[in-house]
Amino acid sequence: MSDKMYDVAIVGGGPGGYGAALYAANAGLSVALIEKERPGGTCLHRGCIPAKALLETAHVARTIAHAAEFGISAEKGPIDFGQAQKRKQGIVEQLTRGLAGLLKQRRVDLIPGVGYLRADRTVTVNGQETIRAKHIILAAGSKPRALDLCPVDGRRVLSSDEVLSLDRLPASAIVIGGGVIGLEFASMMVDLGCKVTVLEAAPQALPALDADVAAVLVKQLRKRGVEIRTGVKLKHCEPQSKGVKLSLEDGSAEADCVIVAIGRTPATEGLVDPASGVKLGSGGTISVDAKMRTGVPGVYAVGDLVPTPQLAHVAFAEAMVAVKDILGEEPAPIDYDLVPWCVYTAPEVAFVGMTESQAKSSGIEVVVKKESFAGNGRAMILGESDGLIKVIAKRASDGRAGAIVGVHMVGPWVTEQLASAYLAANWEATPDDVAPLVFPHPSLSEALGEAYIALTGRGLHLS
C-alpha cells in the first residue's frame, strides 16, 4: 500500500475520468488516475474521434463524386481504406499525446492497470498496488452491448470496436441496429462503396428522433443506397466461410459481415466489491444523486456507468459536478432533458429538448415552425439543401409561442449550429427573446433565425 493519500482517486481514463482529473488538479487537488489502457477512453480510441474521422473520409468521397457539378474534373477512384485508417490513427495519436501531456502538466499521477473499489474504500490496481484517497470517482465507461443471437467473433460478426479497426472495407455489410451508432456506420460505409443493409427491431429507425427529422435522414440514406428494414425480428445468425447469413422472422439476409450496433452497456463488472456499499441497478448501472454521489460517503460515479445519456460531453459535465461537490461548492444539477445530441450521418442530425410527440404526450400545447434548407442560400452553395430545422415552443395563454422546449435539425453541419439552440432551450427563451438576434447571411445558421422570427407571427421568408 502506498503511503500517499490523494485527494481524489479516479478509476477510468475516459472523458468522465480524465475530465474529472484535469478539473480537480486545476483546483489544486492531488489526483491519481487509474486507467488500464491509454487515457482517452472509448471516445478517443474506439468511438467518437475515430468514427468521425472515417465519416470525414466518406464526406470527401461524396464530394469528389459530385465534383463535376462544381465545374471540377475529378474521378472517384478506389478507396484506400488503409490510408484512411492511417489518417484516423494519426489524429487519435496526436490527441492522446496531447492529453497525456496535459495530465502530466497538471501533476496527475497516471497509474496503469485495472482499478477495483474495495470494501474499505481503497482502490487496488491489478489486485496488487493499493491506492488511498479521500474521495473516489468511478468512471470506467462502457463496452459494446452484446447480442446473444449474434455473438461477436471479430471476423464475420463485428462490434463497433472491430469496425473502426478494419484494414479494408467489406463489399457488403448488415448493420443490426438503426440507432445513432448503426446509422453512422451505414452512412460512412455506403459512401465508401459498401452495400449496406440496416435491420431495426423498432417500427422506426432512430426512434428517439423527432419523426420529421428521422424521415429526412432515412430518405437520404435510402437515396444513397442504404437498405433500411424496420420491425425486423432476428431468429438466427450463422457465420459462413465467406460471409454471414441471418434468419429473420420474415425472411433472411446475407452479407460479408454483420455489425452489431445496439448500444453500449456499463463496464461495472469487476469494478466494485459488493461489500463496498455501491449498488448496481438495472443493466449494471450505478445509481447516483444530482451531485453524482453513490450513497457511499466520498464515492462518486460519472459517465457511462450511471443511467444518464451516454455522451462524452455529459460525462465531462458530470465530472465537473462531482469535483465541485468534493470542493464543497454547490454545483448546479444537470438537466438531462436538455442536453445536446448530435448524429454525424450525412445529412447530420442535431437536437435538444422534446420532440413534438413527446411534448404533446406530456400534455403541452405547442406551436411549431419548420424551416427547410431547400431555400437556404448557403446550403444551395454547398450542394446540400436536403434538410430542415424544427422549433417547438409552448403555446402561451394568448395563443402565441412561449418558451422554446425543443429544437430539431437535419441538414449540413447542423452539429455545429446546435449550440445557440441549446442555449435558447436551456434558458427557457421565447421566440420574442431570440428573434431580434442577428444571424449572419448567407449562412446555414440563419435558417434557425428564420424559424425563430416565424414563431413570433411575423416571418420573413417563412410565414
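Applying 1/(1 + (r/R0)^6) with R0 = 51 Å to the Cβ-Cβ distance of Gln94 and Lys245 gives a FRET efficiency near 0.80. Summary value for the chain: 14 percent relative contact order, contacts being C-alpha pairs under 8 angstrom separated by 6+ residues. Coupling constants for segment 378-384 follow from the phi torsions by the Karplus curve (6.51 cos²θ - 1.76 cosθ + 1.60, θ = phi - 60°), and in residue order they are 5, 4, 5, 4, 6, x, 9 Hz; glycine and proline get x. Rounded to the nearest Hz, the phi-derived 3J(HN,Hα) couplings of segment 355-364 under the Karplus curve 6.51 cos²θ - 1.76 cosθ + 1.60 (θ = phi - 60°) are 6, 4, 5, 5, 4, 5, 5, 7, x, 8, where x marks glycine and proline. Pairs of Lys residues in segment 1-106 that lie 8 or more places apart, or on two chains, and have C-alpha atoms under 21 angstrom apart add up to 8.
Per-residue SASA remark: Val367, around 30 Å² accessible (1.4 Å probe; ligands, DNA and RNA not included). If you wrap segment 161-232 in the convex hull of its Cα atoms and look at it from every side, the mean projected area works out to 4.5 nm². Give the aspartates and glutamates whose C-alpha is closer than 18 Å to that of Lys291, dropping any in the same chain fewer than 8 places away, or say none. In chain and number order, the partners are Asp7, Asp304, Glu318, Asp325, Glu329, Glu330, Asp335, Asp337.
Among the helices of the chain, those built from whole DSSP H runs whose Cα atoms reach 20 Å or more along their own axis and whose mean Kyte-Doolittle hydropathy is at least 0.0 are 48-65, 312-326. Per residue, the solvent-accessible area of segment 1-142 (1.4 Å probe, heavy atoms of protein chains only, all protein chains present) comes to 49 Å². Here's the picture: charge each Lys and Arg Cβ at +1 and each Asp and Glu Cβ at -1 in segment 306-390, and of Ala317, Ile334, Gly387 the one pushed furthest to the positive end of that dipole is Gly387.
Roughly speaking, what % of Cα-Cα pairs in segment 288-428 are separated by over 20 Å, rounded to a whole number? The proportion of pairs with Cα distances above 20 Å equals 57 percent.
For Val180, the accessible surface of its heavy atoms amounts to roughly 50 Å² (probe 1.4 Å, protein chains only, rounded to the nearest 10). For segment 407-460, the Kirkwood estimate of hydrodynamic radius, built from reciprocal distances between every pair of different alpha carbons, is 11.4 Å. A 1.4 Å probe run over segment 300-375, with the rest of the protein chains in place, finds 42 Å² accessible per residue. Just so you know, the Rg over Rh for segment 125-200 is 1.17, from Cα atoms, with Rh as the Kirkwood radius.
Ligands, DNA and RNA left out, the 1.4 Å accessible surface of the chain is 52% carbon and sulfur atoms.
Simple spin-label estimate for Ala201 and Lys233 gives 1.1 nm between the two label positions (7 Å along the Cα-to-Cβ direction from each Cα). From the largest down, segment 43-85 spans 38, 18, 8 angstrom on the principal axes of its Cα atoms. Taking trypsin sites (Lys or Arg not before Pro) across segment 1-77, the ones in a DSSP loop with at most 13 further Cβ atoms lying within 10 angstrom of their Cβ are Lys4. DSSP assigns beta bridges within the chain; of those with both partners inside it, close to 60 percent run antiparallel.
The values are calculated or read from the model by the stated rules, or taken from the named source; none is laboratory data. Everything quoted here is computed from the prediction, not taken from an experiment. With ideal geometry, Cβ positions are generated from the backbone for all residues, glycine too; neighbour counts draw on all protein chains shown. Each accessible area value is taken on the protein alone, full model and side chains, heavy atoms only, with ligands, DNA and RNA left out. Shrake-Rupley method; radii C 1.70, N 1.55, O 1.52, S 1.80 Å.
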